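Novice: Structure in structure tokens, see below.
No lab work stands behind these numbers, since they all come straight from the coordinates. Note that this is a predicted model, so its numbers are computed, not measured. So basically every Cβ, Gly included, is an ideal-geometry build from the backbone, and we count neighbours across all protein chains shown.
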Amino acid sequence: MEKLGINLGFLIFQILNFGVLAILMYALGYKRIISALEARKQRIAQAEEDARVAAEARQNAEAEARAVLTKAQAEAAEKVREATERAIVAGREITVQVEAEAAKAREAALAEAAMERERILGDLRSQVAALAIAAAQKLVGEALDAPRQHKLIDEFFSGVKAGKVVVLEGAELKGATAEVTSALPLTDAEKDSVRKDILTKTGSQTITFRVDPAILGGLVLKVGDKVVDGSVAGQVEALRQGLS
Amino acid sequence: MNDPVAFVSAMKAIGAGLAMVSAIGAGIGVGIAALGGVQAMGRNPDAAPLIQTNMILGMAFAEAVAIYALAVALIIIFAA
Amino acid sequence: MSEVETKKRRFGFKRWIVLALIALGVYTAFLGPTIFRPISPVVVLPPEGTGLEIFGFPITNTILGTLIADLVVILLGLSAYRFHKSGQIVPSGVYNFFEVIVQFLWNTVEGAAGNKWGKRIFPVVATIFLLIFVANLSKLIPGYESFGQIKELHHGVGYAPVKLFTIGSLNVYTIDKGQPVEAGHADEEHAASDDKSAAYSVAAYAEGGDELCHSCEVVPFLRGAATDLNFPLALAISTVFLVQVFGVWALGPAYFEKFFQIRALVRGGILGSVNFVVGLLELILEFAKVLSFSFRLFGNIFAGTLLLSILGALTAVLIPVGLYFFEIFFGIIQAYVFFLLATMFISIALVSHHAEEHH
């Protein structure tokens, strides 16, 4: 043993040295370091936990924010849609109004134009009558007395003889509405007589008067869905067909 | 052969060398322990600390044989 | 451009330093005067005295080494003490290094023995680790095992001393590899001519404070603590003793049932007697533990020192560098193994033997 270097004194010295060192180190450092390490570990765990909670909270907040954002976007879209709709409706209303006004204006203009035409045609009627009489005088060679001539011509143009509508003679017509077409505008007296006659014959309450120079003379009467052609043009056409 | 002291010290040296033959076994044992440990760590890296601890423990036990041999050799050379 | 150049020059500079050191090594080891040449040390197991004595207790060179290791460990502990007293939070400097080690050790101990018992056994095993760690690394400091007293060698080949220089009344010598002296002859010569040279010798001794000799060896002032069997043996005995202490602390008298399995013997049967014998074997194993603990550490470190000095004497250049790394590695590993085994044995002793058996 002595030759291996093992010596009781040295051995005891080393053991004591180790023991003293262990106690000294325990007092100096280990205890504090371990508690510090554990505290740090705990703190780290705590911090991690906190971080996890914070992350969760952030996630929640993000989700919430996203929901709020989505809601706001939906609301905004809704508002935009409503506004657009309202604008469209308003626009449409305005358009309709404008169109109505335009139509009214047009109607007024048309009515005016029709009245104007009727007036001109009315003026024309006397001239045409005069011309026709003059031409007849030339052809016939005799002068007709003026009141008779005018009566004839009036009859020709209005298709009304002795207060009766010619075309209504022998015709069986019934209807609520009647339309009377003449080559030249009828005078108020003629209109009255026509109206009276038609009322009695067909029972039509509403009668409208039209002017169409194309029928040359006479009347075209439309009651309900039936048309009675008493016009000169119609008669000429029928004659032509009969001849051919 | 004429000098008994020299003869004895030569024999001591041979004896110590023979005693250290057991280091072969210890070396093989330590090698096997390291092989198993490294393989296990390769297969399951998560368990590396546990495997390492047990590997070192096993290696220490395997090495103990060589250490006894060393002790014997030292005693033969220096103390006997 | 300039940056690249400076970088290049710096690298070149370092390279030249290394090359110069290698050249210096080659010169001193093989070409230069023989006094520079490295000398293979004399292999001795027992610690050598340094001439110091405290109350008649001789202070050996390994004890000095141990005390230096103690000092370093205590300084580490003081750094921890100072740090925790200052109340800082962020560790820095030496304490940071210390804390990293302690944290590593604590994690291992806590994993093996649990928190409660870990705290109880930690001072023991951590001190074992730190002491061995510091002792193993500090012994690698250059000059640790090369400065010392010149003493007369009793057998083998010694070398003649050469005076280098004098500081005050202290003469500094080295031993010259070029002048080998057979120890026995020197002794005889000395014995034959003692009368004539006595006066001169005494004067020289008084002046130098050294004992001049003919065939000399250097006895270092400092030697690695673990190269002395007393140090690992003391740690091993302490550890195994503390294993029993902690076992009794944890289990009470029931701890000793592990060794004397009287219950198994009473229960009878072949298995019972086998168990009893196994228990006795465990008792023997406790002593084997002391042996393996101490000789593992001693063998590794002593062999490392021997390898380093012998190979250093043979090839003074380059190869010892690799060996130094090897030694650093082994120093740390041995400290860790000693620590780990101590932790394991103690934590195994904490667990009831019977509880395991019944499961």
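Novice: Can you list residues from other chains, or at least 5 along the same chain, whose modelled amide H is less than 5 Å from the amide H of C:VAL162?
Specialist: C:THR174, C:ILE175, C:ASP176
Novice: What does the structure give for A:32-44 when I average, per residue, the other chain Cβ atoms found within 10 Å of the residue Cβ?
Specialist: Numbers: counts 6, 16, 12, 2, 8, 6, 4, 0, 4, 2, 0, 1, 0.
Neighbouring Cβ atoms belonging to other protein chains average 5 per residue here.
Novice: Tell me which of C:PRO91, A:SER126, C:ALA234 sits at the most positive position along the dipole axis of the protein assembly as shown, charges placed on C-beta atoms (Lys, Arg +1; Asp, Glu -1).
Specialist: Of the options given, the answer is A:SER126.
Novice: Give the lysines whose C-alpha is closer than 18 Å to that of C:LYS258, dropping any in the same chain fewer than 8 places away, or say none.
Specialist: Here the lysines satisfying the reach criterion relative to C:LYS258 are C:LYS289.
Novice: I would also like to ask the following. Would you mind classifying the stretch C:224-310 by shape? Square roots of the alpha carbon gyration tensor eigenvalues, ordered a ≥ b ≥ c; an a/c under 1.5 is rounded, otherwise it is prolate if a/b is larger than b/c and oblate if not.
Specialist: Oblate, because a/c is 1.5 or more while a/b does not exceed b/c.
Novice: List every residue whose amide H lies under 5 Å from the amide H of A:SER231, counting only residues 5 or more places away in sequence or on a different chain, with H placed 1.01 Å from N in the peptide plane.
Specialist: A:LEU219
Novice: Arranged from highest to lowest average of other beta-carbon atoms within 10 Å per residue, in what order do the peptides C:77-86, A:48-57 appear? Mind showing how you got there, number by number?
Specialist: On the way: C:77-86: 17.6, A:48-57: 10.0.
Order by mean packing, descending: C:77-86, A:48-57.
Novice: A follow-up question, please. What is the mean number of Cβ atoms from other protein chains located within 10 Å of the Cβ atom of each residue in peptide C:60-72, rounded to a whole number? Show your work: numbers first, answer last.
Specialist: Details: counts 5, 0, 3, 4, 0, 0, 6, 1, 0, 2, 6, 0, 0.
Counting Cβ atoms of other protein chains within 10 Å of each residue's Cβ and averaging gives 2.
Novice: Would you please put C:124-135, A:12-23 in order of how densely packed they are, using the mean number of other Cβ atoms within 10 angstrom per residue and starting with the highest?
Specialist: On the way: C:124-135: 25.7, A:12-23: 17.8.
So the peptides C:124-135, A:12-23, ranked by packing, come out C:124-135, A:12-23.
Novice: How do B:66-75, C:280-289, C:219-228 rank on mean C-beta neighbours within 10 Å, highest first?
Specialist: Values: B:66-75: 20.5, C:280-289: 13.5, C:219-228: 25.5.
Final packing ranking: C:219-228, B:66-75, C:280-289.
Novice: How many angstrom separate the Cα center of the stretch B:17-80 from the Cα center of the stretch C:271-349?
Specialist: Centre-to-centre (Cα) distance: 10 Å.
Novice: Cross-link list A:LYS104/A:LYS201; A:LYS41/C:LYS119; A:LYS191/A:LYS226; A:LYS41/C:LYS85; A:LYS196/A:LYS226; A:LYS151/A:LYS191: which exceed 26 angstrom alpha carbon to alpha carbon? List each step's numbers first, then the result.
Specialist: Numbers: A:LYS104/A:LYS201 35 Å; A:LYS41/C:LYS119 16 Å; A:LYS191/A:LYS226 20 Å; A:LYS41/C:LYS85 20 Å; A:LYS196/A:LYS226 19 Å; A:LYS151/A:LYS191 15 Å.
Over 26 Å apart, Cα to Cα: A:LYS104/A:LYS201.
Novice: Other chains' Cβ within 10 Å of C:118-127 residues: what's the mean? Show your work: numbers first, answer last.
Specialist: On the way: counts 1, 5, 0, 0, 7, 11, 5, 1, 7, 10.
What the average comes to for C:118-127 is 5.
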